[in-house]
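The values are calculated or read from the model by the stated rules, or taken from the named source; none is laboratory data. This one's a predicted model, so the numbers in the text were calculated from it and none came from an experiment. In this analysis, Cβ positions are derived from the backbone assuming ideal geometry, glycine residues included, and neighbour counts consider all displayed protein chains.
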Amino acid sequence: MNLALILISVLILGSAAVALALRNLIHSALLFVGCWAGIAAFYLWAGAEFVAFAQVLIYVGAVSMVVLFAVLLTRQSDAAEPMNPDSFSRFMRALVAGGGVAGILVGAILGTPMDVSTAGPAPTLTVKEIGGQLMGPHAAALLIVGLLLTVALLGAVVIAAVDRPEKSEDAS
Amino acid sequence: MIGTGSAPSPFGQLSGPTVRKVKDPFHGDLLEVSMGPQHPSTHGVFRMDVTLDGEVIVKLKPVFGYLHRNHEKIAENTSYLGSMPYTDRLDYLSSMSTNWAYALAVEKLAGLTVPDRAQYLRIILAELTRLVNHVCLVGFLFNDLGTSFTPLLYAFREREKIIDLFEALSGSRMMCNYQRFGGCRVDPTPEWLAAASRLVDNFPSFLDEYESMLTGNEIMLARTQGVGRLDPKHAINAGITGPVLRASGVNYDLRKVDGYGFYPRFDFRIPLGDHGDTYDRYMMRILEMRESVKILQQAFRELPAGPIMDPKAKLRGFRPKPGEAYGRLESPKGELGFYLLSDGSPNPYRYRVRPPSLINLTLLEEMCLGHTVADAVVILGSIDIVLGEVDR
Amino acid sequence: MSVTAEAGTFLERAPLVLRDAVVQWFPAPLQWLAHHLITIVAILAVFGVFFAFTTVAERKLLGRLQNRLGPNRAGLPWIKGSKLFGLTQPFADAVKALTKEDIVPAAADKLLHFLAPVLVVAFSLMTFAVLPFGRNLIPVELDAALLYFFAAGSATELAIFMAGWASRNKYSLLAAMRALAQVISYELPLMLSVVPVVLVVGSLSTSEIALAQGGWTFGFLPHWHVFTPWGFFGFLLFLVAALAESNRAPFDLPEAESELIAGHLTEYSGFKYALFFMAEYFGLTALSGLGVTLFLGGWQAPFAFLEFIPSYAWFMLKLIGMIGFFIWARGTLLRLRIDQLTRLAWQFMVPLALINLGNAAFWALTSGWSGPLQFVRWGVSIALVVGPFILLGRGLNGGRGPRTYRYATS
Amino acid sequence: MESLEQIRDRLLARFPGASITLVTNPGPAAEHSLLLSAEHARKIAMFLRDDAALQLDYCSNATGIDWPDKEVVETKKVAVPDPAGGPDKVVEEKTTRLEPGYLESVYHLYSMALRHGPVVIRMRTVNRSNRVTLPSLTPVWRSCDFQEREIYDLYGIVFDGHPDLRRLLMWDEFKDHPMRKDYVEPDDFEWEPTPHGAVLDRAKTHYPAPEVKP
Amino acid sequence: MLGSGILKGLAVTAKNFVGSYHDPARMVTVQYPEERSKLPENYRSFPLLVCEDAADPMGTLRCVACQICEKECPPQCIYIEKSKDKKPDATGKPQLYPTVFAIDTSVCMGCGICAEVCPFDSIKMDQVFEVAATDRFTELLLNREQLAKPNSYYHSIHPTEAAEVDARLAAARLAAEEKAKAAAAAAAAKAAAAATAKPAAPAQPPSAPPTASASSTAPAPGAEAPKSYSRVS
């Protein structure tokens, strides 16, 4: 396990943990952006340039904006004091739910055969080959994801467009 | 090209003047912004308390008084002649026509006559002032529209030439103090007249170049057409006069209505707008400049010789008989009036200035409702106010 | 690792020979570090000075546009009365910016207020890594270079938001929202206007794109993309989107001085303001560099017989030409309103970019045609460009035009 | 346009209760005016605006004038019977009569539709105290909005019925009305070098003036 | 076609850019301290007191402290104190002179009314505009010595006006001398007549001070015709 991987993982997990602890929403949102940049660094370390730059472009460029706008536009009541669990049963229910999700995840990770031995350097794919793969065997997956995103976009526009009386604007 | 200003946009409703009354949770609270008095685009110390809903103006209250010097109280403690240099400080962009308005009112009060050459000189200087004022306005309007000073500097290049003529004639560029009750103070030299007519002859070529650069510009059309619409009936009732009123289609120009001075001897036309929006107000100024050039050319041709001062007029110890008079003329900004009430003493008993800039601002709020902050700046720019005249 | 020096005139190979000579001094394990450090220092030095003289050039060019002289008084400090046509003006500005007091508003979010200028300059500088300045003068040879360029470019939005939010000032917040709406709206047309080039060249690597534009037909018609219908139209779209992306000329809404004083920079002063100013120019230079690489044939010489001039000189000449156009546009055009600006992006630029993409696909497929078919190919391609432009243009213009006026009769 | 007398008669016919008198203007400009009583002023103004023959749709100018209390000295020739039975002596007797002052607002009305000249109407307040009111004509002509606010600010006439009566030019906390003839300037002057006159003397009482070398 | 307006705009700015290199009309900058544009003759900035010769300015001051300019000045920025004794002025008539003549240039707005109403042509408008001072109170309050400028300087800045004023003063002086000679001749004739009438009584010749009516230099205020108007037509 070489030094770079440790550094990158500390960056990712550290920024995610601190982000959860902070009370200032904007600071935690920006720390999340740091976490996504860490993931992009991990891809770079792994040699997958295309995915790393895509990650930076999409997460650091666009999704961070959506998160920040969401934080800005929703009304923040200043007195956001920490939510103390008022009743014991609520605490128990939270514990059970959290434990269940954690159990499933750990089970899945351990279940998959991961060949940890360093069998030869990963094949470096050029962008042209990635394009070929995407358009070739994985074309269906690409189209479905594209469709999904378009539907999401249209849905967002419909929600955001506040219905206002259509006024004929005499343009002359 | 860029849009009619009514289609939805991601940032709040930007349609025409339909203002949302209902308070729905999705929109945040209103934003109180005070624009001015130190604001780069309010033409002097003028403040607007604007209430914004996102980008759209919901309420706009103008605040005046930052440049108030109580010009009228000073005038009541000074002789009639003593107030003449102070009238330059009212509308400091068009001092010659303000001087003429004051002289007109005093001549009406005291019943003085003015020789022909002085009448022609007054028309020449008033129309030259109209050129200076409209060129300044158009330059500043484009500055508010966001060009980085280029049209303003072209406009100021032409203004400088005319102002140098004023300096050569009256002694000062902007504070001319040139008219006297019964005539003018200095008789222009032939070289001055030659230089002035040469300048007036190639003014239209400057206007053509200016118009080709900006009148057809798509961004200009999108930013000004349909912005700040003014209804003719409301304009008349609100006492709005000058190019702003004529842009709404009301045919009321004192040069034709009152026919003061020798204006009836000149043939010139009065341009009228149809939509009363910022674009029409801009075009009114351009077309009026072209008409002023026509008047100037005729005046230079027919300028008679003769005295420039009524021999009977007295310079000092001028005591008009008791009585009152209201003299008004078509200043570049609108109807500029002087209401004088004399009680026989050398100082006026009551000296009142009817400021076109102040009264043209009466409907500023109605014109700006429903538009964005950027439009409010442009609408204010198209009304053409000068704070010296607004606050007096 | 970039290619070692090979054939070409001495001037052509000079920078590479120099770099290899310096790298030899270092011990073997440190050589790759020295190699990259030299590249970084070279970029910072060249484009630092380029930024300085762009500011002077902008002020002098604007001055000349407005019938006046630009700054011409700044001379050498120790020689009294020496006037070097204002060439040392930028260094005087730099000293002024450094010595000005740096005021941070009390209610500001100190950390973000400090971090914003740092980030905005860092991301703008990162975009220089993939621009091919000369025949093999490319700092980092990346396979997905274009994607890297846009990734670094889009991160600057984050810094603009931080600047606007951290200043705790009504004007800054309003302006930060405007800036983000503008930059996000123009991210899409910028990328869509670049995709046809990738489609025709078949690779994301900028050096390959520059190489693909080599060669001349009949000795004087270079194969630059800008001389093909889809390329010319793509270049126009790229220009407009680049203007908007770098907050300049008709789209300088965030710092619209007539409305919101200095936009999200209102609460910055001294060196931090200078950093934002520098970042804006770096962004502008990087986008112009990309435009030159994609459409104007990168470092390719315009004519065969001009090959002896080194390739990086051509790149610089074209770069200066594009920045000159940006300054010229700034001196002439009016500013757009925020809703007109976003409508221009979504209703006019994006559809036209998509149609241009189709046009480039048609161009790539019919590359085999020859003889009379060549004219058909050009005809269809031009029609595919001009037709939608006029239709969408008329729609966007809303039937607006200069009006004729009546005169009073009485 | 009809003469002022005809207009007055038509108004009197239409508003029998109102007192409308003609105020002549002695100067050569000969712009005579109609003095309206305060109660009927707004109805008369509305009539002047909407009457078909007049159509005075444009109120160009609204001015305030301050007429302070006047000492009127009347000399009357009185015949005093001579106690000695001789011819009675004629002696002038000076009786000083204090004429009460008033504040006045003057409106110049024009017609843009029919393009005819000024009809000047005046309204006078009862006295010169601080709470004198006059009916506001802003509901009739919107152009009087700012001008009436200025009259209120500088003269102190309270216009009832004005939509937004605030001070126009002076700052809101300002107490006095500067354009009145009996207005006394506050003497918080910083030292001004004007070499003569009351300003210098009053300033000297406040601050020791730095010496001026002649 | 969309964009044609913008292209025309760019064309105009390009024309101005190219024009600024060769067409003087399109390059209007004057490098102020080195190059200075010529001031027109009528230009006025602050007043100056005209004195006949530069050697003894206070002695040959034309001003007779009639205080007309002090009354007529709108911002009241002139301050004059009269002298007790009299001294002969340009036309030889004994006149007062100002011991203190201060103009507060921080208040003066250069309107030129003082120069216009002065019946003695002693105060004229100067053309100096570089008058920055460091102290607001003392340096801007110009006293008599700082205001006085010789007639030659007046000729250099307002040539036509100065020439016309000198002509008028010379004419006035001539008229004064002739009247003085005529008065002297009349007095001599009267003396001769008196001598012949009573040769014995010693004819005490009047000390023949120049009679008061020698020059009409101090006409009743306001009655004289405004002479500064019929300038060169």
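Do you know which residues across region B:237-256 are of a type in the set (S, T, N, Q) and more than 9 Å from chain D (Cβ to nearest Cβ)?
The one that is of a type in the set (S, T, N, Q) and more than 9 Å from chain D (Cβ to nearest Cβ): B:Ser248.
Quick test for you: out of B:Lys73, B:Lys108, pick the one residue that is crowded, with 20+ Cβ neighbours inside 10 Å and within 14 Å of chain D (Cβ to nearest Cβ).
B:Lys108
Name the residue, out of C:Ala145, C:Ala116, C:Ala159, that is modelled with pLDDT under 90 and small (Gly, Ala, Ser).
Exactly one residue qualifies, and that residue is C:Ala159.
Check A:Ile104, A:Ile130 and return the single one that is surrounded by 12 or more Cβ atoms within 10 Å (Cβ to Cβ), farther than 30 Å from C:Arg168 by Cα, at pLDDT 85 or above and of a type in the set (A, V, I, L, M).
Sole residue among the options that is surrounded by 12 or more Cβ atoms within 10 Å (Cβ to Cβ), farther than 30 Å from C:Arg168 by Cα, at pLDDT 85 or above and of a type in the set (A, V, I, L, M): A:Ile130.
Kindly provide the set of residues from region D:103-131 that are in a loop (DSSP other than H, G, I, E, B) and farther than 18 Å from D:Ser19 by Cβ, ordered by number.
Scanning region D:103-131 gives D:Met112, D:Ala113, D:Leu114, D:Arg115, D:Arg128, D:Ser129, D:Asn130, D:Arg131.
Does E:Ala25 satisfy being out of contact with any Ser or Thr (no Cβ under 8 Å at 6 or more places or on another chain), closer than 16 Å to B:Thr147 by Cβ and within 10 Å of chain C (Cβ to nearest Cβ)?
So E:Ala25 does not fit the description; no.
(1) buried (at least 17 other Cβ atoms within 10 Å of the Cβ); (2) part of a helix (DSSP H, G or I); (3) away from every other protein chain (no Cβ under 12 Å); (4) at pLDDT 90 or above: which one isn't true of E:Lys149, the others all being true?
The one condition E:Lys149 does not meet is (2).
So, in region C:141-161, exactly how many residues are more than 8 Å from every other protein chain (Cβ to nearest Cβ) and not small (Gly, Ala, Ser)?
Count: 5.
Check B:Asp49, B:Asp91 and return the single one that is closer than 28 Å to B:Thr129 by Cα, among the acidic types (Asp, Glu) and either assigned to a strand (DSSP E or B) or in contact with a strand residue (DSSP E or B) (Cβ under 7 Å, 6 or more places away or on another chain) (or both).
Answer to the check: B:Asp91.
Report, by residue number, each residue of region C:291-334 that is out of contact with any helix residue (DSSP H, G or I) (no Cβ under 6 Å at 6 or more places or on another chain) and assigned to a loop (DSSP other than H, G, I, E, B).
Result: C:Gly297, C:Gln300, C:Pro302, C:Phe303, C:Glu307, C:Phe308, C:Ile309.
Would it be correct to say that C:Ile79 is free of Cβ contacts under 8 Å to residues at least 24 places away in the same chain, surrounded by fewer than 18 Cβ atoms within 10 Å (Cβ to Cβ) and either more than 21 Å from the chain's Cα centre (by Cα) or more than 30 Å from A:Leu125 (Cβ to Cβ) (or both)?
So C:Ile79 fits the description; yes.
A quick yes/no check of all residues on (1) without any contact (Cβ under 8 Å) to a residue 60 or more places away in the chain; (2) surrounded by 11 or more Cβ atoms within 10 Å (Cβ to Cβ):
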| position | (1), (2) |
| --- | --- |
| D:Pro26 | yes, yes |
| D:Ile44 | no, yes |
| D:Asp50 | yes, yes |
| D:Pro68 | no, yes |
| D:Ala79 | yes, no |
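If you go through region B:257-273 one residue at a time, do you hit one that is surrounded by fewer than 18 Cβ atoms within 10 Å (Cβ to Cβ), touching a Ser or Thr at 6+ places or on another chain (Cβ under 9 Å) and more than 12 Å from C:Tyr407 (Cα to Cα)?
No - not one qualifying residue is present in region B:257-273.
Taking A:Leu68 and the conditions (1) surrounded by fewer than 19 Cβ atoms within 10 Å (Cβ to Cβ); (2) modelled with pLDDT under 90, which numbered condition does it fall short on, given that it satisfies the others?
Answer for A:Leu68: the failing condition is (1).
Considering only residues of region B:44-69 that are within 11 Å of chain D (Cβ to nearest Cβ) and touching a helix residue (DSSP H, G or I) at 6+ places or on another chain (Cβ under 8 Å), which is nearest to B:Thr87 (Cα to Cα)?
For region B:44-69, the residue satisfying everything is B:Arg69.
Listed here are the residues, each with its yes/no results for (1) hydroxyl-bearing (Ser, Thr, Tyr); (2) in a helix (DSSP H, G or I); (3) modelled with pLDDT under 85; (4) closer than 30 Å to E:Lys181 by Cβ.
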{"position": "E:Ala25", "(1), (2), (3), (4)": "no, yes, yes, no"}
{"position": "E:Val30", "(1), (2), (3), (4)": "no, no, no, no"}
{"position": "E:Arg36", "(1), (2), (3), (4)": "no, no, no, no"}
{"position": "E:Lys71", "(1), (2), (3), (4)": "no, yes, no, no"}
{"position": "E:Pro75", "(1), (2), (3), (4)": "no, no, no, no"}
{"position": "E:Asp85", "(1), (2), (3), (4)": "no, no, no, yes"}
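So C:Val56 passes all but one of these: (1) more than 14 Å from chain B (Cβ to nearest Cβ); (2) modelled with pLDDT of 90 or more; (3) in contact with a Phe, Trp or Tyr (Cβ under 6 Å, 6 or more places away or on another chain). Which condition number does it fail?
(3)
Just to be sure I understand the filter: pairs with C-beta atoms under 7 Å, separated by 6 or more residues or on different chains, first member in region A:32-53 and closer than 20 Å to C:Ser203 by Cα, second member in a helix (DSSP H, G or I) and modelled with pLDDT under 90. Which pairs pass?
From residues that are closer than 20 Å to C:Ser203 by Cα, the pairs are A:Phe50/A:Val127; A:Phe50/A:Ile130; A:Ala52/A:Leu44.
Search region D:28-40 for residues being in contact (Cβ under 8 Å) with a residue 40 or more places away in the chain and touching a Leu at 6+ places or on another chain (Cβ under 7 Å), and hand back the single one that is farthest from D:Leu109 (Cα to Cα).
The residue in question is D:Ala38.
For region D:119-147, which positions are surrounded by fewer than 19 Cβ atoms within 10 Å (Cβ to Cβ), more than 12 Å from the chain's Cα centre (by Cα) and not aliphatic (A, V, I, L, M)?
Answer for region D:119-147, where residues must be surrounded by fewer than 19 Cβ atoms within 10 Å (Cβ to Cβ), more than 12 Å from the chain's Cα centre (by Cα) and not aliphatic (A, V, I, L, M): D:Ser129, D:Asn130, D:Arg131, D:Thr133, D:Pro139.
What single numbered condition from (1) within 12 Å of chain D (Cβ to nearest Cβ); (2) over 17 Å from the mean Cα position of the chain (by Cα) fails to hold for B:Leu303?
(1)
Could you tell me which residue of region B:201-222 is farthest from E:Ser4 (Cα to Cα), considering only residues that are among the charged types (D, E, K, R) and within 7 Å of chain E (Cβ to nearest Cβ)?
B:Glu209
Answer yes or no as to whether B:Val135 is under 17 Å from the mean Cα position of the chain (by Cα) and in a helix (DSSP H, G or I).
Yes, satisfied.
I'd like to know if region B:126-138 contains one or more residues that are surrounded by 21 or more Cβ atoms within 10 Å (Cβ to Cβ) and within 14 Å of chain C (Cβ to nearest Cβ).
Yes; the residues of region B:126-138 include at least one that is surrounded by 21 or more Cβ atoms within 10 Å (Cβ to Cβ) and within 14 Å of chain C (Cβ to nearest Cβ).
Every residue in region B:345-357 that is in contact with a strand residue (DSSP E or B) (Cβ under 9 Å, 6 or more places away or on another chain), under 19 Å from D:Pro28 (Cβ atoms) and more than 9 Å from chain D (Cβ to nearest Cβ), please.
Hits for region B:345-357 are B:Pro348, B:Tyr351.
Of the residues C:Val121, C:Val183, only one is in a helix (DSSP H, G or I), more than 12 Å from every other protein chain (Cβ to nearest Cβ) and in contact (Cβ under 8 Å) with a residue 40 or more places away in the chain; which?
Being in a helix (DSSP H, G or I), more than 12 Å from every other protein chain (Cβ to nearest Cβ) and in contact (Cβ under 8 Å) with a residue 40 or more places away in the chain holds for just one of C:Val121, C:Val183, which is C:Val121.
Taking the condition β-branched (Val, Ile, Thr), within 25 Å of B:Asn177 (Cβ to Cβ), touching a helix residue (DSSP H, G or I) at 6+ places or on another chain (Cβ under 8 Å) and away from chain B (no Cβ under 12 Å), does E:Ile80 pass?
Taking the combined requirement at face value, the residue satisfies it.
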